[in-house]
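Report on one structure; see the data block that follows.
Laboratory data are not the source of any read-out in this text; all were calculated from the coordinates shown. As the structure is a computational prediction, the values presented were derived from the model and not from experiment. Note: ideal-geometry Cβ built from the backbone for every residue, glycine included; neighbour counts use all protein chains shown.
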Amino acid sequence: MEDLYDKGFRSVYSLTAHIVFVTKYRKKVINELMLSRLADIFKDTCIKWECTLVEFNGEVDHVHLLIRYHPQIELSKFIANLKTVSSRLIRKEFESILSQVYTKPVLWTGSYFVASCGEVTVEQLKQYVQQQESPQK
């Protein structure tokens with residue numbers, strides 16, 4: 001149970017997000033070396049934001065990140081930073097590959113996917129809340 005929850009100054013929490021970034025125009029540009037470098041970049045960025053990269057993987061046109069984060073994080077800003085830092089470094093380090101595909105300095109689409117994750121389903125939570133004893137009137 002200890003591993004399920006993180007503790008803050010005035011909170012106990014378990015916040016995990018599943019994030020997906022897709023390459024611009026869904027171009028198949030991510031190779032094995034690039035994927036490995038992206039893992040390092042995302043890991044380092046998470047450390048700077050005091051988060052944990054729980055899991056990472058990807059395919060030739062998108063990547064998946066599973067991240068544990070704390071309640072003080074503004075998730076949209078964190079995700080924007082992940083995209084910006086990774087795009088800048090990958091474009092710099094793999095310029096010869098990316099310049100064959102993109103004429104502009106891009107890597108990711110402007111959008112992203114994010115979903116919250118938990119140890120229980122919404123249905124289980126609804127059932128738990130419904131089963132709580134209400135105060136008698």
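Points worth noting:
- Free-standing Cys, the chain [no other Cys Cβ under 4.7 Å]: CYS117
- Kirkwood Rh in Å, taken over all unlike Cα pairs in the stretch 12-130: 15.3
- For HIS62, distant residues with modelled amide H under 5 Å away: THR23
- Charge dipole (the chain, unit charges on Cβ, about Cα centre) - positive-most of PHE94, GLY58, GLY118: PHE94
- A Cβ-based charge dipole, computed about the Cα centre of the stretch 6-137 with Lys and Arg at +1 and Asp and Glu at -1, lands at about 500 debye.
- Note on the chain: dipole from Cβ charges, positive end direction compared against PHE78, GLN131, TYR25; the farthest Cα belongs to TYR25.
- Were the residues from ARG88 through GLN127 laid out at 0.36 nm apart, the gain over their Cα-Cα distance would be 9.5 nm.
- C-alpha center-to-center spacing [the stretch 70-137, the stretch 43-68] in angstrom: 9
- Close Lys pairs in the stretch 12-130 (alpha-carbon distance under 29 Å; sequence gap of 8 or more, or different chains): 29.
- For the stretch 90-97, 3J(HN,Hα) per residue [Karplus equation, 6.51 cos²θ - 1.76 cosθ + 1.60, θ = phi - 60°, Hz, x = Gly/Pro]: 5, 4, 6, 7, 10, 4, 4, 6
- For the stretch 77-123, diffusion coefficient by Stokes-Einstein and Kirkwood Rh (Cα), 4 °C, 1.567 mPa s, µm²/s: 101
- Near-label residues of the stretch 16-31 by backbone N, under 15 Å of a point 7 Å along Cα→Cβ of ASP61: 21-31
- Spin-label model, LEU4 to LYS43: label points 7 Å out along the Cα-to-beta-carbon direction sit 2.9 nm apart.
- Kirkwood Rh in Å, taken over the stretch 1-50 so that all alpha-carbon pairs contribute: 13.9
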